Amino acid sequence: MSRIAFITDSTAYIPKDLVEKYEIHVAPQISIWGEESYLDGIDIQPAEFYERLATAKVMPTTSQATVAYFHKIFEPLVAEGRPILAVLISDLLSGTMQSAVQAKDMFPDATIELVNSESAAMELGFQVLAAARAAEAGKSFDEVVALAKDAKNHTGVYFVVDTLEFLHRGGRIGGAQRLIGTALSMKPILNVVEGRIESFESVRTKKKAFARLLEVIEQKTAGKPNIRLASLHAAAEEDARYLLEEASKRVDPVEALMSEVSPAVGTHVGPGTVGLAFSTEL
């Protein structure tokens with residue numbers, strides 16, 4: 001069988017060197033700002049996005065990766081006879097999976113598997129990388145697909161937001177909705193549970209929130225092999241670097257990555273967001 005092709009979407013924001021190493025194809029989400037639309041990570045980069053967001057009078061919105069863009073990715077890969085595995089953002093956070101399904105239906109004779117990560121950010125990224133590394137190690141397409149479907153059971157992401165305003169406005173807040181109106185002086189810790197953003201805990205200062213975040217990551221990875229970590233941030237690189245360094249001291253990961261929050265995700269979580277994603281046993 002031909003070499004497996006891997007696809008994800010831009011919410012994963014896997015570091016560029018790893019995207020290139022594993023030849024991962026990335027379907028961009030769309031940021032809409034007034035009358036203009038930007039392909040995530042192509043037409044607009046995170047630094048530019050957050051700089052503009054800080055002074056914007058009109059707030060951006062987002063749209064899912066399009067059917068047309070998935071078709072554009074699928075077409076040459078199908079022509080080469082390559083089996084395709086796409087691991088994508090939670091279908092409860094975006095319509096991206098639906099776009100991929102529609103594009104897949106245009107290639108009825110092709111081998112295309114679509115996997116719902118039930119997450120986003122580098123929790124999604126670690127699932128994609130685990131599948132790509134399994135293929136690199138010689139696993140069959142069926143084995144790689146099975147691993148990708150199981151990977152959600154070995155990954156997680158926790159993050160701290162400066163404000164719930166952006167999540168509330170975008171309708172992505174899930175079970176954290178109850179914190180609205182009570183969190184003015186709090187720093188909410190959120191996570192993704194079964195594809196939705198949920199409230200994990202809320203503490204009174206950023207320092208305490210970071211300390212708790214580190215405790216949680218340590219607890220979630222305790223006694224497990226092959227720990228991988230990624231910090232993520234929306235215009236908060238210093239905080240993300242601190243968290244990654246401190247978490248690495250505690251859990252001794254085999255891999256530690258820095259990742260920015262993509263514009264499409266940043267629209268919903270807001271600047272100042274910082275967090276940690278992990279994977280184990282993959």
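Report the net charge of residues surrounding VAL58, where surrounding means a beta-carbon distance below 12 angstrom and charges are Lys +1, Arg +1, Asp -1, Glu -1. That sum, taken over residues with Cβ under 12 Å, equals 0. Relative to the current alpha-carbon distance between SER37 and SER2, full extension at 0.36 nm per residue lengthens the span by 9.0 nm.
When all protein chains stay in place and ligands, DNA and RNA are ignored, the 1.4 Å accessible-area order of LYS152, LYS224, largest first, is LYS224, LYS152.
Centre-to-centre separation between the Cα atoms of region 209-263 and those of region 117-156: 19 Å. When percent of Cα pairs over 25 Å apart is calculated directly from the model, which label among [x] 61; [y] 44; [z] 51 fits? Label [y] holds the value from this structure. Residues whose amide H comes within less than 5 Å of that of ILE112, counting only those at least five positions distant or on another chain, are ILE84 (H built at 1.01 Å from N in the peptide plane). Take GLU245, project a point 7 Å from its Cα along the Cβ direction, then tell me which residues of region 136-161 have their backbone nitrogen under 20 Å from it. Only 160 pass the distance filter. Using a cut-off of under 17 Å, list every residue of region 263-282 whose amide N is near the label point 7 Å from the Cα of ALA54 along the Cα-to-beta-carbon line. Label zone hits: 263, 266-267, 270-274. Residues whose amide H falls under 5 Å from that of ALA27, counting only those 5 or more places apart or on a different chain, are THR8, ASP9, SER10, with hydrogens built in the peptide plane.
With respect to the chain, whose longest principal axis is taken over its alpha-carbon atoms, helix 237-251 is tilted by about 80°.
Counting only DSSP H runs of at least 4 residues, each contributing -39500 (n - 2.57), and dividing by the residue count of the chain, the helix-based mean residue ellipticity at 222 nm comes to -11500 deg cm²/dmol.
Just order 64-73, 134-143 by mean Cβ neighbour count inside 10 Å, highest at the front, would you? Mind showing how you got there, number by number?
Numbers: 64-73: 19.7, 134-143: 14.2.
Result, highest mean Cβ count within 10 Å first: 64-73, 134-143.
Between LEU92 and ALA110, the modelled labels are 2.9 nm apart [label points 7 Å from Cα along Cα→Cβ]. Here the chain exposes an accessible surface that is 49 percent carbon and sulfur, computed with a 1.4 Å probe and the other protein chains kept in place. For LYS206, go through the aspartates and glutamates and keep the ones whose alpha-carbon is under 20 Å away, minus same-chain ones fewer than eight residues off. Within the straight-line limit of under 20 Å, LYS206 reaches these aspartates and glutamates: ASP162, GLU165, GLU198, GLU215, GLU218, GLU237, GLU238, ASP239, GLU245, GLU246, GLU260.
Classify region 10-134 as rounded, prolate or oblate from the Cα gyration tensor: take a ≥ b ≥ c as the square roots of its eigenvalues, call it rounded if a/c is under 1.5, otherwise prolate when a/b beats b/c and oblate if not. Each step should come with its number before you reach the end.
Numbers: a/c = 2.01, a/b = 1.57, b/c = 1.28.
Prolate, since a/c reaches 1.5 and a/b exceeds b/c.
Around the amide H of PHE200, modelled in the peptide plane, lie the amide H atoms of ILE189, LEU190, ASN191, all under 5 Å away and 5 or more residues distant in sequence or on another chain.
The values are calculated or read from the model by the stated rules, or taken from the named source; none is laboratory data. All values derive from a computational prediction rather than experimental measurement. Here the Cβ is made from the backbone with ideal geometry for all residues, glycine too, and neighbour counts use every protein chain on show. Note: areas computed on protein heavy atoms with side chains; ligands, DNA, RNA excluded. Shrake-Rupley method; radii C 1.70, N 1.55, O 1.52, S 1.80 Å.
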